[in-house]
Amino acid sequence: MTKENITFRIDSEKKAALDALATGMNRDRSYILNEAVAAYLEMYQWQIEEIQKGIAEADAGDFASEEEVKAAFARLTHAD
């Protein structure tokens, strides 16, 4: 995998927190930032995929029936 440099601005408090975390983990700032970006991408890529699946289902007319919605609502509101 090719690595590239990227530059962005961050407020000084966040930079200090990143550096403290890196020091505490005996890692460098790049490691911490790469881990954070990987987690962010994983979370939002999953979310976008799920939204796109929902839109495709809606476009196909694949909706829950009124009875299914009522049953799910009843389970959620009467769960003890």
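Residues that are hydroxyl-bearing (S, T, Y) and surrounded by 11 or more Cβ atoms within 10 Å (Cβ to Cβ) were ranked within segment 1-47; the one that is farthest from the chain's Cα centre (by Cα) is T23.
Within segment 48-70, track down each residue that is of a type in the set (V, I, T) and more than 12 Å from the chain's Cα centre (by Cα). Correct list: I51, I55, V69.
Checked against the criteria, Q45 counts as in a helix (DSSP H, G or I), under 30 Å from T7 (Cβ atoms) and not aliphatic (A, V, I, L, M).
None of the figures in this text is laboratory data; all of them are computed from the coordinates on show. On a predicted model such as this, the values are computed, not experimentally measured, just so you know. Glycine gets a Cβ as well: all are built from the backbone with ideal geometry, and neighbour counts include every protein chain shown.
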